[in-house]
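Report on the following structure.
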């Protein structure tokens, strides 16, 4: 079986769609900030950045109803507190940096629809000309949510559905119901037609395991029938932790650019180095308490950037030192 590294079906359609919204929401301020960030990331790699990230990952909820084996939330790991982001704090964040952002991903460690303010958050993104993307397992999607979702003008909905049968699906999405997922997608599609809206664009994300790979061909044939706009197959990376975090170092060919271009905000405002780190002891600060701008160029961020650009153990207390993306690995 070939490696599935986000193989895209209907890729051209999605490319046109994404380009349209990027241009529609483009402003002079966003463009100038993008140029500054791109130049610094590509050529300078400074520890202190002149500018703001072009994309944020914001976690509205750290709670979930499923028990996925490879998810720290699903496995009830204790490295991070649980809770849901308050809208007032989300607005504070968007007010501070929204004018520089091209996209906000409204998901990370939990189920976004468990946050009662999620539709207000989505709407605020659109008002600020920021593309909104949300990933959900759609096992919690009460009646009436379809109307709120379409009205909120969410740009992109990613639905986690790893199989076409309950038997295959529930092996990874433990406690999940494929019937609930398909019923929710059907309601969203119907509501889009009722409101004469093309939003949200709906992607079916299918993580490929040995237990469901025999359903790939059937899944491709069901994309339109089930109400999706495209399907994306993602390779299961169950050994990702071992690959990303290493102790013995030797040169590799690529580096991280996340620390210069993006940032991750958890439900309580804590800022993580990137979306791979779950344990809160590695956080860089708190955007709600300190202000995002102050965290973005604080001592921990600057140490991490120096480490990643130089590949030297400036401070081994920064978790990035053990990441493959710091240009070294086994």
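The values are calculated or read from the model by the stated rules, or taken from the named source; none is laboratory data. Because the structure is predicted, anything quoted here is derived from the model rather than measured. Glycine also receives a Cβ, built like all others from the backbone with ideal geometry; neighbour counts cover every protein chain displayed.
Data overview
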{"read-out": "Counted residues, the stretch 260-281 - those being buried (at least 16 other Cβ atoms within 10 Å of the Cβ), at pLDDT below 90 and in a helix (DSSP H, G or I)", "value": "0"}
{"read-out": "Subset of the stretch 282-321 [part of a helix (DSSP H, G or I), over 30 Å from residue 85 (Cα atoms) and modelled with pLDDT under 80]", "value": "310"}
{"read-out": "All helices (runs of 4 or more DSSP H) inside the stretch 134-231 with 2 or more residues being loosely packed, with under 14 Cβ neighbours inside 10 Å", "value": "166-172, 178-194, 216-222"}
{"read-out": "Enumeration of residues in the stretch 111-127 that are assigned to a loop (DSSP other than H, G, I, E, B) and surrounded by fewer than 16 Cβ atoms within 10 Å (Cβ to Cβ)", "value": "116"}
{"read-out": "Matching residues, the stretch 78-105, being farther than 17 Å from residue 278 by Cα, in a strand (DSSP E or B) and either touching a helix residue (DSSP H, G or I) at 6+ places or on another chain (Cβ under 8 Å) or at pLDDT below 95 (or both)", "value": "104"}
{"read-out": "Matching residues in the stretch 56-72 - criterion: being assigned to a loop (DSSP other than H, G, I, E, B) and in contact (Cβ under 8 Å) with a residue 60 or more places away in the chain", "value": "59, 60, 62, 64, 65, 66, 67, 68, 69, 70, 72"}
{"read-out": "So residue 108, is it under 15 Å from the mean Cα position of the chain (by Cα), surrounded by fewer than 23 Cβ atoms within 10 Å (Cβ to Cβ) and not in a strand (DSSP E or B)", "value": "yes"}
{"read-out": "Filter pass, residue 234 being part of a strand (DSSP E or B), modelled with pLDDT under 95 and either in contact with a helix residue (DSSP H, G or I) (Cβ under 8 Å, 6 or more places away or on another chain) or surrounded by fewer than 19 Cβ atoms within 10 Å (Cβ to Cβ) (or both)", "value": "yes"}
{"read-out": "Hits in the stretch 42-55 - residues which are part of a loop (DSSP other than H, G, I, E, B) and touching a residue at least 40 places away in the same chain (Cβ under 8 Å)", "value": "45, 46, 47, 48, 49, 51, 52, 53, 54"}
